[in-house]
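These notes concern the structure reproduced below.
Any read-out appearing in this document is the output of simple, stated calculations on the displayed coordinates, not a laboratory observation. Since the structure is predicted, the reported quantities are computational estimates derived from the model, not experimental observations. All Cβ positions, glycine included, derive from the backbone under ideal geometry; neighbour counts span all protein chains shown.
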Amino acid sequence: MPAPRIKSPALLVAESGADREGHGLRRTLGRFQLVCFGIGAIVGTGIFVGLSDSVAQAGPAVVVSFVLAAVTCVFTAFAFAELGGAIPVSGSSYSFAYAGLGETTAFLVGWCLLLEYGVSVSAVAVGWSQYVDELLHSLTGLNLPHALAAGPGDGGVVNLPAVIVIALASVLLVRGVRESARATAAMAVLKIAVLVAFCAIGFVAFQDGNLSPFSPAGLGGIGAGTTAAFFSYIGFDAITTAGEEARDPRRDIPFAILVCIGVVTLLYCAVALAAIGALGGDGVGDRPAALSHVVNEVTGSAVGGGVIAFGAVVAIASVVLAVMYGQTRILMSMSRDGLVPRVFEKVSPRTATPVAGTLIVGVVFAVPAAFASLDSVVNLCTIGTLATMVTVNIAVIALRRREPDLARTFRVPLYPATPLLGIGFCLYLIYETGPATWFQFAVFLAAGLLLYAGYGRRNSRLGRGGDQGLTPGDAGRVRQEA
């Protein structure tokens, strides 16, 4: 059996130019922008739309589900923090897998990231459409024509608002990362303010009796709710895709990841408690635009719900922006390695962004957004993300053994227990997605292997010996302590 094609961290950093200015991308993102970017990527459809699904599964015990989902993310967040600081490139999980486990695994991780970043863009855009309709109704008393506000799976024809938000995000990303970062930061601050305001309204109407029975479906319901709640956390790893555009990636990326998980977990638990305490599990579960519904019921007016709907429209739009950013950077890294067509690695000298790649991503993922339902893609997106997280935890262990002297500005605490626990929690949530999702994911992976065998392996720069030019100076620069 041939040895796996593995790229050292030094080679990944050197050929990306991530330790140098003038490599195409520009270093414009500071610590605050990275934190806002992470919150922008996480807080959106999962809490504004998906909360009702989680509550329907777990009841008031959804708070436990959110905590368990957060614990799963925290273990893996440590792994991302260590590797993001040690290998500050745009490839994120893909590059970490290339360094730790080899090219075949890296390609499949990149393939899975199409689910985490790409397909989730479609899911998020569908959720955005629901709140646009709610906002329009609050302002005018009218609703969007159902045929133009939902795909065939939801009884409509085409989800036009979902297509529009993807198009707007594509235009903003093409203009430049500085402009995108400013917009994401502003939207992140606004969405936090809206969720804090929601909590204030919900806790005013809080009644202890609404928390009983606390866990109507038992442990099974909490487990299913955890899987549903996990979708609310997808996106925190997108911070690592900014490795080549952060000013001090080795220090700021680990910081931003851990801060984002902490802030988001507190927000989610507070929102869930406020919503259920105000109306009870039955009043929140299985309702579209659930947060607006809660505020309308508590205040007896559509004005408050309209404000929440406006916040949701902004919040979910920022997720589309941040996640599309991550997707284009992943494809750019894969393109540099020859595993996908070279069009994705081309960076405009005027805007310092991958213009062609961004537009292609926008067009491709506008299609499922226009015609698919939210429920049809959430589980597949979740299992793809979990599989990627398992790989990153394994990569931490592999690189600790193979590259013990690699400069690490953050180290996973309680190693190796922490990455092993991360693997275990992720595998449990994969189990909870169910046999139908397992089968769909197996077919998806098989398609990825065929694509790698037919295109990626043949065109790999590493396989052609095109990446052997790492100089001792490059290696030394990567290994030196920051």
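A few notes on this one:
- Computed 3J(HN,Hα) for region 355-369, one whole-Hz value per residue from the Karplus formula 6.51 cos²θ - 1.76 cosθ + 1.60 where θ = phi - 60°, is 4, 4, x, 5, 5, 5, 4, x, 5, 4, 8, 6, 5, x, 4, glycine and proline marked x.
- Sum of side-chain charges, LYS346 neighbourhood, beta-carbon under 14 Å (Lys, Arg +1; Asp, Glu -1): +3
- Other residues within the sphere of radius under 13 Å centred on the Cβ of GLY326, judged by their own Cβ, net out at -3 (K and R +1, D and E -1).
- The Rg/Rh ratio of region 9-479, with Rg taken over Cα atoms and Rh as the Kirkwood radius over Cα pairs, comes to 0.97.
- Region 242-311 and region 133-159: distance between their alpha carbon centers, rounded to Å: 23 Å
- Euclidean distance of C-alpha centroids, region 70-85 and region 355-426, integer Å: 10 Å
- Summed over qualifying helices (DSSP H, 4 residues or more, each -39500 (n - 2.57)) and divided by its residue number, the chain shows a 222 nm mean residue ellipticity of -22000 deg cm²/dmol.
- Point-charge dipole on Cβ atoms (K/R +1, D/E -1) for the chain, about Cα centre, debye to 20: 1660 debye
- In order along region 131-147, phi translates into HN-Hα couplings of 6, 4, 5, 5, 5, 4, 5, 5, 7, 10, x, 9, 10, 5, x, 4, 4 Hz, rounded to whole numbers, per the Karplus curve 6.51 cos²θ - 1.76 cosθ + 1.60 with θ = phi - 60° and x for Gly and Pro.
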